[in-house]
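J.: Take this structure, written in structure tokens, and hold onto it; I'll ask about it next.
The values are calculated or read from the model by the stated rules, or taken from the named source; none is laboratory data. Everything quoted here is computed from the prediction, not taken from an experiment. Heads up, the Cβs are rebuilt from the backbone with ideal geometry, glycines too, and the neighbour counts pull from every protein chain shown. Areas reflect the complete protein model, heavy atoms only, side chains present, ligands, DNA and RNA absent. Shrake-Rupley method; radii C 1.70, N 1.55, O 1.52, S 1.80 Å.
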Amino acid sequence: MKIDPIHQFNIEPLFTLGHIGNHTIAFTNSSLYMLIAVAIISILMLASGSQLVPGRLQSVAEISYEFVASTIRSTAGAEGMKFFPLIFSLFMFICVSNLVGIIPYTFTVSSHLIVTAGLALLVFFTVLIYGVAKNGVKFFKIFVPHGVPGYVLPLVMFIEVLSFFLRPVSHSIRLFANMLAGHIALKVFAGFVAMLGFSLGAIGWVGGVLPLALTIALYALEILVAFLQAYVFAILTCIYLNDAIHPGH
């Protein structure tokens, strides 16, 4: 029995939307699960209500709202709340799509670098455009740390500029790599259990108890990672936006 942990990441076209030159524009399984994530978030936000005694959906919506709001206030200050719609949307989209992707036979949107890179570039250009528009040339103070001796300042500035432009790379790869590696590990352990059972019969199923236990533990860990990666992406966004709001601080 062959274990194929990569097959779960294949992007499959579901139907064709049109053509641009020789290129086919298709609605894919990735597009479908993006819509599913947006639909779940929309239902959660719209159906939660505004009762004095909140129900389950309203409690989840309020906890999500306050969690993101407190994260913004603690990292970017009160002024950072103007970016709440952006950060809340990023956090909820990543979190919900990650959790949906843990369900067997579904698709994990954030396991593709093109998706995470698109989200990271959105944050990068938001920080760059807002920082320059709000602060002008003062925005570039972020490349000149305080208290650095003059003889090493050019080197430090070069490192700061390089790290700034590499932010989208680390921002996107962190999310992509964690989701990709976790899902591959789950698939390998789960496939190993099935392989033992089908190849060795009853002895194999008994021997597969330990890999099955590890699979269950990994699954629980992946649920935690799904939330943590959304949180890390959101808090890094807040930190980067803080540079645009308070350059040089």
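J.: With charges only on Cβ, +1 for K and R and -1 for D and E, what is the dipole size of the chain about its Cα centre, in debye, rounded to 20?
T.: That gives a dipole near 280 debye.
J.: For 219, 65, what's the largest-to-smallest order of accessible area, 1.4 Å probe?
T.: Reading off the accessible areas and sorting them downward yields 65, 219.
J.: How many percent of the accessible area of the stretch 95-249 is carbon or sulfur, using a 1.4 Å probe?
T.: 80
J.: Something else now. Keeping all protein chains in place, calculate the accessible area per residue for the stretch 23-151 (probe 1.4 angstrom), answer in Å².
T.: For the stretch 23-151, the per-residue accessible area is 54 Å².
J.: Which FRET efficiency value, to the nearest 0.05, do you get for residue 138 and residue 15 by plugging their Cβ-Cβ distance into 1/(1 + (r/R0)^6) with R0 = 45 Å?
T.: Rounded to the nearest 0.05, the efficiency is 0.35.
J.: Please list, in order, the residues from the stretch 77-110 whose amide nitrogen is less than 11 Å from a point placed 7 Å along the Cα→Cβ vector of residue 239.
T.: none
J.: Let me ask another. I want to check a number: in the chain, how many lysine pairs have alpha carbons closer than 23 Å, given a sequence separation of 8 or more or different chains?
T.: Within the chain, the lysine pair count is 4.
J.: Next up: Measure off 7 Å from each Cα along the Cα-to-Cβ vector at residue 227 and residue 151, then give the distance between these two points in nanometres to one decimal.
T.: 5.2
J.: Starting from the Cα-Cα distance between residue 43 and residue 58, subtract it from 0.36 nm times their residue separation and give me the gain in nm to one decimal.
T.: Taking 0.36 nm per residue and subtracting the Cα distance, the gain is 4.3 nm.
J.: If you don't mind, another one. If amide H atoms are built 1.01 Å from N in the plane of the peptide, which residues on other chains or at least 5 residues away come under 5 Å of the amide H of residue 26?
T.: Amide H neighbours of residue 26, under 5 Å, 5+ apart: 17.
J.: If DNA, RNA and ligands are ignored and the probe is 1.4 Å, what is the ranking of 79, 222, 62 by accessible area, most exposed first?
T.: If we order 79, 222, 62 from most to least accessible, we get 62, 79, 222.
J.: Ignoring ligands, DNA and RNA, how do 109, 137 rank by accessible area with a 1.4 Å probe, largest first?
T.: Greatest to least solvent exposure: 137, 109.
J.: Next question. Using only Cα atoms, find the angle between the long axis of helix 209-245 and the longest principal axis of the chain, and express it within 0 to 90 degrees, rounded to the nearest 10.
T.: So the inclination is approximately 20 degrees.
J.: Dividing the Cα radius of gyration by the Kirkwood radius, what Rg/Rh value follows for the stretch 78-172?
T.: Checking Rg against Rh, the ratio lands at 1.10.
J.: Calculate the all-directions average of the projected area of the stretch 118-236's alpha-carbon convex hull, and give it in nm².
T.: Computed as one quarter of the Cα hull surface, the answer is 10.8 nm².
J.: Let me ask something else. So what are the radius of gyration and Dmax for the Cα set of the chain, in Å?
T.: So, for the chain, Rg and Dmax equal 22.3, 73 Å respectively.
J.: Hey, what's the Kirkwood Rh for the stretch 51-99 if you take every pair of different alpha carbons, in angstrom?
T.: So the Kirkwood estimate lands at 11.6 Å.
J.: Then there's this: Applying a 10 Å radius around every beta-carbon, put 17-23, 165-171, 232-238 in order of their mean neighbour count, most first.
T.: Put in order of decreasing packing, that is 232-238, 165-171, 17-23.
J.: Of 59, 114, 26, whose Cα points farthest to the positive end of the dipole of the chain (charges on the beta-carbon: +1 Lys, Arg; -1 Asp, Glu; origin at the Cα centre)?
T.: 114
J.: Using a 1.4 angstrom probe and counting only protein chains, how large is the accessible area of residue 82 in Å², to 10?
T.: 110
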